[in-house]
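So the structure is just underneath, and the comments pick up after that.
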Amino acid sequence: MATNESVSIFSSASLAVEYVDSLLPENPLQEPFKNAWNYMLNNYTKFQIATWGSLIVHEALYFSFCLPGFLFQFIPYMKKYKIQKDKPETWENQWKCFKVLLFNHFCIQLPLICGTYYFTEYFNIPYDWERMPRWYFLLARCFGCAVIEDTWHYFLHRLLHHKRIYKYIHKVHHEFQAPFGMEAEYAHPLETLILGTGFFIGIVLLCDHVILLWAWVTIRLLETIDVHSGYDIPLNPLNLIPFYAGSRHHDFHHMNFIGNYASTFTWWDRIFGTDSQYHAYNEKRKKFEKKTE
């Protein structure tokens with residue numbers, strides 16, 4: 001009975017979203033995107049799209065999303081938004097980070113990306129334009145992937161902080177007490193595999209088109225680079241997402257080492273009380289800021 005009611009609720013919600021979508025003006029970018037997508041399908045094999053296309057998407061998005069934070073260090077006005085103002089980025093740390101990123105991206109992540117084609121073939125995941133899901137279904141599945149990844153990340157990340165294994169794996173990621181955007185994927189190769197597994201679980205369970213792979217990669221990179229940016233920018237649209245952790249939440253994790261283990265949302269930290277030190281710190285910070293105004 002409860003199952004039927006749940007199906008009915010989801011069906012009604014889906015119809016409501018479809019109705020709202022029908023009222024929206026036609027997206028002017030849809031036709032160019034359709035043409036570009038069909039051009040890709042007509043000129044490249046599925047293996048090339050799934051492998052090299054996914055690699056290009058990942059690299060282009062990663063360094064594009066890192067660029068604003070990288071430029072902020074040269075803009076004096078942006079310094080007031082830096083969370084840990086007493087720990088500026090250094091060229092030495094950024095160069096070290098960049099070299100590790102190249103190793104992780106091409107020696108760890110690329111072999112995994114090479115399996116994308118075989119995954120789509122095994123599960124018969126479509127590539128064609130005709131079966132591409134509507135934006136609201138795509139967004140819903142990306143949200144599902146985010147919830148799954150966040151859950152995996154919280155518990156495995158917390159495990160990596162255990163005193164018996166911390167120094168062997170996760171300590172690498174904590175080399176920088178004040179994070180910066182490019183450091184989001186700076187990690188021990190084993191950590192890349194362990195925490196990266198959470199990214200793929202949602203894909204295995206929810207993927208219904210190859211576009212979901214790229215949409216989910218886009219959202220995940222945007223989120224992880226934002227929380228590692230080291231800057232708390234006013235009017236950040238990501239902060240409008242309910243329960244979104246944000247840069248201050250994760251920055252405190254790097255500064256304090258204890259607590260705030262989740263990647264995207266705040267609910268697991270709240271449920272298990274692993275954000276208590278963060279909230280106490282925030283209260284002190286706000287009181288200090290009021291006194292100095």
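The values are calculated or read from the model by the stated rules, or taken from the named source; none is laboratory data. In this text the structure is predicted, and so the values were computed from the model without any measurement. Note that we place each Cβ from the backbone using ideal geometry, even for glycine, and neighbour counts take in every protein chain shown. Areas reflect the complete protein model, heavy atoms only, side chains present, ligands, DNA and RNA absent. Shrake-Rupley method; radii C 1.70, N 1.55, O 1.52, S 1.80 Å.
I'd like the FRET efficiency for residue 39 and residue 64, computed as 1/(1 + (r/R0)^6) with the beta carbon distance as r and R0 of 30 Å, rounded to 0.05.
Efficiency at R0 = 30 Å is approximately 0.85.
I'd like to know which of 182, 244, 278 lies farthest towards the positive end of the charge dipole of the chain, counting +1 on Cβ of Lys and Arg and -1 on Cβ of Asp and Glu.
278
Running a GNM on the chain with Cα contacts under 10 Å, which residue among 128, 208, 150 ends up with the highest mean-square fluctuation?
Largest GNM mean-square fluctuation: 128.
Relative contact order of the chain, please, whole-number percent, based on alpha carbon pairs below 8 angstrom and at least 6 residues apart.
Averaging sequence separation for qualifying contacts and normalising by length gives 22 percent for the chain.
Within straight cross-link reach of residue 290, meaning Cα distance under 30 Å, which lysines are found once same-chain residues fewer than 8 apart are removed?
79, 80, 82, 85, 87
In whole angstrom, how far apart do the alpha carbon centroids of the stretch 254-293 and the stretch 188-227 sit?
Rounded to whole Å, the Cα centres lie 26 Å apart.
Exactly which chymotrypsin sites (Phe, Trp or Tyr not before Pro) in the stretch 42-111 are in a DSSP loop and have at most 12 other Cβ atoms within 10 Å?
Within the stretch 42-111, the qualifying chymotrypsin sites (Phe, Trp or Tyr not before Pro) (loop, at most 12 other Cβ atoms within 10 Å) are 74.
How much accessible surface does residue 151 have with a 1.4 Å probe, in Å² rounded to 10?
40
With charges set only on the Cβ (+1 for Lys and Arg, -1 for Asp and Glu), what does the dipole of the chain come to about its Cα centre, in debye to the nearest 20? Numbers along the way, then the final one.
On the way: 26 positive and 28 negative charges, 252 e Å.
Around 1200 debye, computed over the chain.
Distance from the Cα centre of the stretch 95-172 to that of the stretch 61-76, in angstrom?
What the calculation gives is 23 Å, centre to centre.
Can you give me the solvent accessible area of residue 67 with a 1.4 Å probe, rounded to the nearest 10 Å²?
Roll a 1.4 Å probe over it and residue 67 shows about 90 Å².
So for 162, 228, 188, what's the accessible-area order with a 1.4 Å probe, most first?
These residues rank, largest area first, as 162, 188, 228.
Tell me the label only: which of (i) 70, 53, 33; (ii) 69, 38, 33; (iii) 57, 45, 42 is Cα extents along the principal axes in Å as calculated from this structure?
The value computed from this structure is option (iii).
Identify, among 104, 198, 84, the residue whose Cα sits farthest towards the positive end of the charge dipole of the stretch 49-222, taking +1 on the Cβ of Lys and Arg and -1 on the Cβ of Asp and Glu, with the dipole about the Cα centre.
In the stretch 49-222, that residue is 84.
Tell me the accessible surface of residue 207 in square angstrom (1.4 angstrom probe, heavy atoms of protein chains only), to the nearest ten.
Approximately 20 Å² of residue 207 is accessible to the 1.4 Å probe.
Is the stretch 49-222 best put as rounded, prolate or oblate by its Cα gyration tensor, with a ≥ b ≥ c the root eigenvalues, rounded for a/c under 1.5, and otherwise prolate when a/b is larger than b/c, oblate when not?
Judged from the Cα gyration tensor, the stretch 49-222 comes out prolate (a/c at least 1.5, a/b above b/c).
Considering only 177, 30, 277, give the residue with the highest GNM mean-square fluctuation for the chain, with springs between Cα atoms whenever their separation is below 10 Å.
Maximum fluctuation in the GNM of the chain, among the listed residues, is at 30.
Angle between the Cα long axis of helix 135-160 and the longest principal axis of the chain, 0 to 90 degrees, nearest 10?
Computed tilt is about 40 degrees.
How big is the charge dipole of the stretch 49-222 about its Cα centre, in debye rounded to the nearest 20, if each Lys and Arg gets +1 on its Cβ and each Asp and Glu gets -1 on its Cβ?
740
With a ≥ b ≥ c the root eigenvalues of the C-alpha gyration tensor of the stretch 208-293, is it rounded (a/c under 1.5), prolate (a/b larger than b/c) or oblate?
Working: a/c = 2.59, a/b = 1.76, b/c = 1.47.
Taking the square roots of the gyration eigenvalues as a ≥ b ≥ c, the stretch 208-293 is prolate.
Hey, got the dipole for the stretch 201-293? About the Cα centre, +1 on K and R Cβ, -1 on D and E Cβ, debye to the nearest 20?
Details: 9 positive and 10 negative charges, 79 e Å.
The calculation lands at about 380 debye.
Counting other Cβ atoms within 10 Å, which GluC sites (Glu not before Pro) in the stretch 101-163 have at most 13 and lie in a DSSP loop?
Answer in residue order: 130.
Describe numerically, in nm with one decimal, the distance between label points set 7 Å from Cα along Cα→Cβ at residue 214 and at residue 124.
Here the modelled spin labels are 2.4 nm apart.
Suppose R0 equals 30 Å. What FRET efficiency, 1/(1 + (r/R0)^6) with r the Cβ-Cβ distance, do residue 90 and residue 232 give to the nearest 0.05?
About 0.90, to the nearest 0.05.
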